[in-house]
1. Go through (1) surrounded by 15 or more Cβ atoms within 10 Å (Cβ to Cβ); (2) closer than 23 Å to P124 by Cα and name the single condition N26 misses.
2. In the set N59, N93, N34, which member is surrounded by fewer than 17 Cβ atoms within 10 Å (Cβ to Cβ), free of Cβ contacts under 8 Å to residues at least 60 places away in the same chain and out of contact with any Cys (no Cβ under 7 Å at 6 or more places or on another chain)?
3. Please pick out the residue among T48, T72, T122 that is surrounded by 15 or more Cβ atoms within 10 Å (Cβ to Cβ), polar (S, T, N, Q) and modelled with pLDDT of 90 or more.
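The values are calculated or read from the model by the stated rules, or taken from the named source; none is laboratory data. Since the model is a prediction, treat every value here as computed from it, not as a measurement. A quick note on method: Cβ atoms are made from the backbone with ideal geometry, for glycine too, and the neighbour counts reach across all protein chains shown.
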Amino acid sequence: MINLFQLLPNISHLKVEIFFIELDGNQWEEIIVNYLPQLKVFQMKMYTYLCLSTGNQRNEEKIDQYLATYRTPFWIEHHQWFIRCHWGLWMGNIRMCVYSLPYKFDGHLIYENELLDQTKSTCPDV
């Protein structure tokens with residue numbers, strides 16, 4: 001993916017859907033700063049996993065830590081890009097659907113058979 005972005009330093013709009021690659025807000029920020037400096041519109045939907053902790057409170061702490069990487073000045077103040085995360089437990093892992101707001105993808109947000117019943121956002125109004 002980095003190789004592709006290196007070839008496109010002047011793009012101003014990016015819409016990407018990713019399956020099972022774990023990128024957090026810090027990693028996206030590094031990619032955008034280093035390879036996509038002209039980016040103005042960022043639309044992302046990503047399906048990924050986090051390792052399961054023991055107990056729901058610890059799992060929610062993992063989600064909070066993950067979302068904290070999208071609550072930096074880069075995301076909130078400089079770009080006003082906000083992220084929402086739907087998550088649930090699946091086969092011993094935390095499965096997540098992470099996407100930018102507003103949601104701009106065709107089709108359903110989450111597949112019907114997924115049990116992603118909890119949600120959190122970096123947007124204060126959501």
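1. All conditions pass for N26, except number (1).
2. On the way: N59 fails: surrounded by fewer than 17 Cβ atoms within 10 Å (Cβ to Cβ); N93 fails: out of contact with any Cys (no Cβ under 7 Å at 6 or more places or on another chain).
Result: N34 is the single residue among N59, N93, N34 that is surrounded by fewer than 17 Cβ atoms within 10 Å (Cβ to Cβ), free of Cβ contacts under 8 Å to residues at least 60 places away in the same chain and out of contact with any Cys (no Cβ under 7 Å at 6 or more places or on another chain).
3. On the way: T48 fails: modelled with pLDDT of 90 or more; T72 fails: surrounded by 15 or more Cβ atoms within 10 Å (Cβ to Cβ).
Exactly one residue qualifies, and that residue is T122.
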